[in-house]
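Input: a single structure, listed below in structure tokens.
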Amino acid sequence: MNTFRGLGEDPEYHPPALTGRPRDWPLDRWEEAPRDLGFPDFARYQWRGLRMLKDPDTQAALHDLVYELRPRTIVELGVYSGGSLVWFRDLTRLMGIDCQVVGIDRDLSRCRIPESEMAGISLREADCSVLETFEPLRELAHPLLFIDDAHANTFGIMKWAVDHLLEAGDYFIIEDMIPYWHRYSPKLLTEYLATFRDVLTMDMVYANTSPQLDRGVFRRTTHGR
Ligand SMILES: C[S@@+](CC[C@H](N)C(=O)[O-])C[C@H]1O[C@@H](n2cnc3c(N)ncnc32)[C@H](O)[C@@H]1O
């Protein structure tokens, strides 16, 4: 599952290269112009020259969520090129939010954030299947936005976050995977999610805003309902 859409490709951002058509299309042949893009769309998503594996509608929804929540910490599991970490850092700065962005990945060799762009961002090389990885996160400032975009041990991490990290109003987002899990293991997925019924709710403002966030945006309730 982790090898589709972007992963395994070049982590370096390359501007779109048109195939089989000129960039300057002649206007006397306007009607014949192809309507498809002529290049893969996902590979062109970028933030200031860094690849970002988030669709534009996901970016728009996360913008709105960050603006509403005003997080003091954003943790993202899965760094890849690092574009989304820089985007979150820049976004919070533009909004005047004092926010620390933490990226965790078991393979940081693909991270392309230049040293000069690391202010407000910290990286940790760690495996999400080892829960001890998350112990240092206990001291982080709230409100907290926690995004699982690594898709390893997701429900183990969600349980740990609920038990040790998330305060009322904090968010836990499962990116990308819910539609796949729902398609292939609907019973298990609904059982897993139901175990969190007393501590998390799905935020219906954001849960249907993009396919990547589809039914995967959860908010920590007060302790118990
Ligand atoms: C979808 S990419 C992250 C994309 C990035 N969040 C973005 O929006 O641009 C998933 C990343 O998860 C990492 N990953 C996969 N399994 C992992 C694990 N068990 N522990 C830590 N990172 C893992 C991969 O190395 C990869 O860089």
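The values are calculated or read from the model by the stated rules, or taken from the named source; none is laboratory data. What you are looking at is a predicted structure, and each value in this text was computed from that prediction instead of being measured. Reconstructed Cβ throughout: ideal geometry from the backbone, glycine too, with neighbour counts over all protein chains shown. Side chains are part of the model used for accessible areas, which takes the heavy atoms of the whole protein and leaves out ligands, DNA and RNA. Shrake-Rupley method; radii C 1.70, N 1.55, O 1.52, S 1.80 Å.
Quick notes on this one:
- Approximate spin-label separation Glu31-Glu12, in nm, with each point projected 7 Å along Cα-to-Cβ: 4.4
- Carbon + sulfur, % of accessible area of the range 85-208 - ligands and nucleic acids excluded, 1.4 Å: 52
- Dipole magnitude for the range 52-220: computed about the Cα centre from +1 point charges on Lys and Arg Cβ and -1 point charges on Asp and Glu Cβ, it is near 220 debye.
- Accessible area (Å², 1.4 Å probe, nearest 10) - Ile121: 10
- Amide H contacts under 5 Å for Asp170, placed H, 5+ residues apart: Leu144, Arg220
- Residues whose placed amide H lies under 5 Å from that of Gln46, excluding near-sequence neighbours: Met52
- Amide proton proximity set for Leu200, modelled H, under 5 Å, gap of 5+: Thr221
- Cα-Cα pairs of the range 24-149 separated by more than 27 Å (percent): 27
- Sequentially through the range 40-50, phi angles give Karplus couplings (6.51, -1.76, 1.60; θ = phi - 60°) of x, 6, 5, 5, 8, 6, 8, 10, 6, x, 10 Hz, Gly and Pro residues having no value and appearing as x.
- Within the chain, antiparallel bridges make up roughly 30 percent of the DSSP beta bridges whose residues both belong there.
- Once the Cα atoms are used to define both axes, helix 56-69 deviates from the longest principal axis of the chain by about 40 degrees.
- With Cα atoms, 0 to 90° folded angle of helix 154-164 axis to the chain main axis: 40
- Stokes-Einstein, applied to the Kirkwood radius of the range 52-220 over Cα pairs at a viscosity of 0.890 mPa s and 25 °C, places its translational diffusion at 153 µm² s⁻¹.
- For the chain, the solvent-accessible area works out to 53 Å² per residue, with a probe of 1.4 Å and every protein chain left in place.
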